1. Considering Ile387, Ile406, Ile419, which residue is open to solvent by less than 20 Å² (accessible area, probe 1.4 Å), at pLDDT 85 or above and not acidic (Asp, Glu)?
2. List the helices (runs of 4 or more DSSP H) that sit entirely inside the range 304-356 and contain at least 1 residues that are open to solvent by 50 Å² or more (accessible area, probe 1.4 Å), over 24 Å from Leu369 (Cβ atoms) and β-branched (Val, Ile, Thr).
3. When the range 257-276 is examined, which residues are found to be open to solvent by less than 60 Å² (accessible area, probe 1.4 Å) and in contact (Cβ under 8 Å) with a residue 60 or more places away in the chain?
4. Tell me yes or no: at least one residue of the range 218-232 is among the β-branched types (Val, Ile, Thr) and closer than 22 Å to Leu93 by Cα.
5. State all residues of the range 234-249 that are in a helix (DSSP H, G or I) and either open to solvent by less than 50 Å² (accessible area, probe 1.4 Å) or within 21 Å of Tyr65 (Cα to Cα) (or both); if no residue qualifies, say none.
6. For the range 425-443, which positions are open to solvent by 50 Å² or more (accessible area, probe 1.4 Å) and assigned to a helix (DSSP H, G or I)?
7. So how many residues does the range 288-313 have that are over 19 Å from Val426 (Cα atoms) and under 21 Å from the mean Cα position of the chain (by Cα)?
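The values are calculated or read from the model by the stated rules, or taken from the named source; none is laboratory data. All figures in this text were calculated on a predicted structure; none of them were measured in a lab. When we count neighbours, we look across all protein chains shown, and the Cβ atoms used for this are built from the backbone with ideal geometry, even at glycine. All accessible areas refer to the heavy atoms of the entire protein, side chains included, with ligands and DNA or RNA removed. Shrake-Rupley method; radii C 1.70, N 1.55, O 1.52, S 1.80 Å.
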Amino acid sequence: MTVTTISPAQPPVLSRRRRWTVLAVCCLSMFLVGLDTTVVNVGLPAIGRGLDVGTRSLEWTVDAYTVVLAGLLISSGALADRFGRRRVFQWGLVAFGVASLACALAPSVGALVAARAVQGIGASMLSPVALAIVVNAMPDPRERAQAIGVWASVFGLSMAAGPVTGGALVAGLGWRSLFWINAPVIVAALVLSAVFVPESRAPKARRLDVPGQLLLTVTIAVWVGVLIEGPRISWTSPAALTAYAVAVAATAGFVWVEFRREEPLMDPRLFRGPVFSGAVLGAVAVFVALNAALLLNTLYLQHARGFTPLAAGTATLPMAVGATVCAPWSGRLVGRVGPRLPLFLAGGFLTAGGLCLVGLDRHTSLSLLLFAYLLIGVGFGFANAPITNAAVSGLPSARAGVAGAITSTARQVGAALGIALAGGLVDGTGPAGLAHASRPGWFLIAACGLAVLLVACAARPEARVRHEVSGTATAARAR
């Protein structure tokens with residue numbers, strides 16, 4: 001294969017086979033990132049038994065990953081622009097792989113949580129950086145759109161496949177296999193990236209906003225930490241009041257710093273527009289709903305109903321099918337009529353799914369459970385493309401990349417909040433009372449659906465919108 005270099009700042013021109021090989025390598029990493037967001041959920045009861053810990057500690061094994069991932073997504077893109085995308089991508093693979101082995105060998109829940117946080121660091125170098133590699137490897141707009149469509153489908157599939165995969169692994173090999181399984185994939189991705197992925201950098205790299213990055217990470221971590229630890233330490237205890245003060249101070253400090261930076265990590269002025277701010281709210285709401293549903297499903301089916309991990313994971317198949325079928329349909333709707341209709345569908349299905357289970361008890365029929373999971377999966381499938389498009393259409397085209405990056409961060413923040421809120425509802429509850437204790441969680445999921453309906457009302461109705469893939473492509477080019 002011949003490779004012609006254009007310039008030091010731009011990617012080489014690759015043959016079609018090589019370009020699609022690059023896509024396959026990057027999709028492999030994306031599958032890992034998405035899978036590890038949800039695969040651990042179904043294994044939480046087994047991890048709890050293995051390490052002799054309760055629900056609160058188990059929440060941290062999920063949120064340590066998502067909090068760090070959310071906090072570092074934007075900065076990782078800037079690092080890749082400065083030091084080289086392939087190099088940072090490989091750094092991310094190594095960090096993710098080493099952390100996965102540390103998770104598999106963790107002797108205690110503290111060690112597991114720390115390793116999961118390092119996994120989040122590695123994942124933050126994979127998701128946005130791999131996408132930038134794909135976009136730069138494919139200069140033709142139509143081919144690029146096709147490639148990012150494949151990319152988006154792989155991510156959705158990985159999120160949906162997580163619970164089923166996790167249930168099979170725990171049932172067959174134990175909970176530590178949830179992390180061992182990453183090792184061969186990481187090795188393959190490292191070798192393939194070294195052979196096939198070209199190096200590229202941005203012509204003008206953005207400055208790193210270190211103060212903003214630190215304050216954003218503290219803000220997310222403390223707010224999520226308060227939600228997780230609040231039931232244990234009491235919401236009005238001195239420790240809780242101190243945490244509130246730190247969280248408020250970090251949030252205010254972040255806004256103050258970002259207003260004064262020439263190249264802020266996240267410009268607060270963007271949130272003045274109701275369309276953009278609504279889309280970010282929608283991204284948070286959708287992922288709160290998804291992750292709360294997955295956690296409540298895992299704990300209810302395994303603790304209250306006595307399901308095996310495999311059976312509990314298999315029960316989420318309707319959710320996975322709904323998301324997988326409706327995600328591409330949603331993208332086509334966005335292209336034809338704009339984001340408003342698919343957002344209404346997403347909000348309606350999420351609301352209906354949550355309301356189906358607000359009366360949950362230990363004898364709720366399996367058919368109703370599966371139907372509710374299907375509705376939630378359909379809502380999730382319809383949501384992602386129009387939310388990003390609503391964010392992109394709410395800003396000038398030059399800011400499309402920023403919109404895509406912020407909505408990606410909002411999704412991970414929503415994932416962390418969903419776990420924290422749902423876990424707080426059932427923490428310390430025995431099997432007999434778990435169904436009743438989880439009912440507010442299903443109201444929360446319905447409320448998230450209503451929030452998406454409000455976002456639909458704010459979204460622009462016209463069909464002249466930018467596809468999520470094009471917005472994401474602009475994001476990668478802007479880095």
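1. Unique residue meeting the criteria: Ile419.
2. 317-337
3. Across the range 257-276, the qualifying residues are Leu265, Met266, Asp267, Leu270, Gly273, Val275, Phe276.
4. No, every residue in the range 218-232 fails to be among the β-branched types (Val, Ile, Thr) and closer than 22 Å to Leu93 by Cα.
5. Those that are in a helix (DSSP H, G or I) and either open to solvent by less than 50 Å² (accessible area, probe 1.4 Å) or within 21 Å of Tyr65 (Cα to Cα) (or both): Ala240, Ala243, Ala247.
6. Correct list: Leu425, Pro431, Ala432, His436, Arg439, Pro440, Phe443.
7. 1
Residue-by-condition table, conditions (1) open to solvent by 30 Å² or more (accessible area, probe 1.4 Å); (2) more than 29 Å from Leu295 (Cβ to Cβ); (3) in a helix (DSSP H, G or I); (4) modelled with pLDDT under 75:
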| position | (1), (2), (3), (4) |
| --- | --- |
| Ala130 | no, no, yes, no |
| Val134 | no, yes, yes, no |
| Glu143 | no, yes, yes, yes |
| Gly149 | no, yes, yes, yes |
| Gly156 | no, no, yes, yes |
| Ala160 | no, no, yes, yes |
